[in-house]
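Enquirer: Can you read through this structure? Questions will come right after.
The values are calculated or read from the model by the stated rules, or taken from the named source; none is laboratory data. Please read these numbers as outputs of a predicted model, since none were measured by experiment. Cβ atoms come from the backbone with ideal geometry, glycine included; neighbour counts cover every protein chain shown. Quick note on the areas: whole protein, heavy atoms, side chains included, nothing else; ligands and nucleic acids left out. Shrake-Rupley method; radii C 1.70, N 1.55, O 1.52, S 1.80 Å.
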Amino acid sequence: MCTTLIITRGASADGSMIVAHSDDDELGDQRIIYVPAQDHEQGTKRQVFEEHYRYPRIVTYERGPNYEPSTHHVRESPNPVPDLIKPIGYIPQVKHTYAYFDSNYGIMNEHNLMMGECTNGAKYQPDHVTVEEAEKTGRHVRLFYSQELSRVALERCKKAREAIELMGKLIEKYGLYSTGETLLVADEDEAWAFEMCALPDEQYHSAWVAQQVPEGEVFVAANEFRIRQIEGNEKDVIIYSELLKPGLEKLGWWSPEDGPLDWLSSVSSGEYNHPYYSLRRVWRVLDRVNPDLALSPWVTKGFEDVKEGGYATDYPFSINQSASLAFRMSLPCIGITTRGLNLT
């Protein structure tokens, strides 16, 4: 269960951009690890690792000393030094990569580019496909999950929009696997919700969409896609994959005759269990930010007539804070701001 939110500069008490992320994973690797900036020889390949949470999440010589194998990694074991983890693939490395803090997902780099994450249900959630498997089977390669996407972006990007463009290109070239995902991406000036999922097609194999959080507003996601209609509202700044519309048309999940494309209902069944697993958390944050809106904790729009999931439209994508309140983060989480990393 993850709850993640963005507080833009105009909505924070001190004018900082804030990304927060609660990652409930008591059985996983809880370390926050510093990955140093590095220079790389021309022609070097960057390792891409499979989605993994248990301790140790990564063991490699290529991401600084804190991910290298050592005797303190595994205690009370006949073989206390863990083996290097085998990557599932490689991508071309760049000449210089930036320093960043890493955990189950990339957190923040030296240029104040920040990330948050939550997992979402998607209609299709495949396993990874390596280059070797793709060559043998004719399937499209699927190398990326949000974990490694966030790390590559922090290694290579200074700005949020730059990170979204890079991650989108990586998805379209190398493919996605596993669950639907939301990555919150922010720098000192801009903040975005970046959502992604795999598609069951070898040509249109993956899809993503990103929506900017307006300045002065607060956004929250809680294990359900939050981006809805991707066209038709001039005030929204939304970009999306070239694979999205033709892929959904081919699969029969959406067609132009259906009207404007609703990202959530097209690629997901909505809630994992019921409308109060995710949306109650969304409601709680939005109601704390702006109780003047009098948002109801009971969803009513778009749910009662849907048999298999929560497609409720009660809550807006993002909101302004109440004029009578100075909003301060009150969730137990990691809070990342343009003034540094805070443990709250």
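Enquirer: Could you say whether any residue in segment 169-179 is buried (at least 24 other Cβ atoms within 10 Å of the Cβ), among the hydroxyl-bearing types (Ser, Thr, Tyr) and out of contact with any Ser or Thr (no Cβ under 8 Å at 6 or more places or on another chain)?
Expert: no
Enquirer: Just give me the residues in segment 23-41 being exposed (fewer than 15 other Cβ atoms within 10 Å of the Cβ) and under 20 Å from residue 92 (Cβ atoms), in sequence order.
Expert: 37, 39, 41
Enquirer: Filtering segment 181-194 down to residues that are under 17 Å from residue 166 (Cβ atoms) and either free of Cβ contacts under 8 Å to residues at least 60 places away in the same chain or not in a strand (DSSP E or B) (or both), which residue is most open to solvent (accessible area, probe 1.4 Å)?
Expert: Out of the qualifying residues, it is 190.
Enquirer: Another question about this same structure. Which residues, counting only those in segment 106-128, are assigned to a strand (DSSP E or B), within 30 Å of residue 311 (Cβ to Cβ) and either among the hydrophobic types (A, V, I, L, M, F, W, C) or open to solvent by 20 Å² or more (accessible area, probe 1.4 Å) (or both)?
Expert: If the condition is that a residue be assigned to a strand (DSSP E or B), within 30 Å of residue 311 (Cβ to Cβ) and either among the hydrophobic types (A, V, I, L, M, F, W, C) or open to solvent by 20 Å² or more (accessible area, probe 1.4 Å) (or both), then 114, 115, 118, 119 are the ones that fit.
Enquirer: Right, next: Return the residue satisfying two criteria in turn: it lies in segment 195-216 and is part of a strand (DSSP E or B) and in contact with a Gly (Cβ under 8 Å, 6 or more places away or on another chain), and of such residues it is surrounded by the most Cβ atoms within 10 Å (Cβ to Cβ).
Expert: 207
Enquirer: Whether any residue in segment 14-34 is part of a strand (DSSP E or B) and farther than 18 Å from residue 221 by Cα is what I want to check.
Expert: So far as segment 14-34 goes, yes, one or more of its residues are part of a strand (DSSP E or B) and farther than 18 Å from residue 221 by Cα.
Enquirer: From the list 323, 312, which residue is in contact with a helix residue (DSSP H, G or I) (Cβ under 8 Å, 6 or more places away or on another chain), loosely packed, with under 14 Cβ neighbours inside 10 Å, outside any helix (DSSP H, G or I) and modelled with pLDDT under 95?
Expert: The match here is 323.
Enquirer: Say whether the condition of being open to solvent by less than 60 Å² (accessible area, probe 1.4 Å), out of contact with any His (no Cβ under 7 Å at 6 or more places or on another chain) and either without any contact (Cβ under 8 Å) to a residue 60 or more places away in the chain or on the phi > 0 side of the Ramachandran plot (or both) is met by at least one residue in segment 94-105.
Expert: There is no residue in segment 94-105 that is open to solvent by less than 60 Å² (accessible area, probe 1.4 Å), out of contact with any His (no Cβ under 7 Å at 6 or more places or on another chain) and either without any contact (Cβ under 8 Å) to a residue 60 or more places away in the chain or on the phi > 0 side of the Ramachandran plot (or both).
Enquirer: Can you go through 58, 85 and tell me which one is aliphatic (A, V, I, L, M), touching a helix residue (DSSP H, G or I) at 6+ places or on another chain (Cβ under 7 Å), surrounded by 17 or more Cβ atoms within 10 Å (Cβ to Cβ) and assigned to a loop (DSSP other than H, G, I, E, B)?
Expert: Going through 58, 85 in turn, the sole match is 58.
Enquirer: Let me ask you something else. Scanning for something touching an Asp or Glu at 6+ places or on another chain (Cβ under 7 Å) and assigned to a helix (DSSP H, G or I), does segment 133-146 turn up at least one residue?
Expert: Yes.
Enquirer: Same structure again: Looking at (1) in contact with a Gly (Cβ under 6 Å, 6 or more places away or on another chain); (2) not hydroxyl-bearing (Ser, Thr, Tyr); (3) not in a helix (DSSP H, G or I), can you tell me which one residue 151 breaks?
Expert: The one condition residue 151 does not meet is (3).
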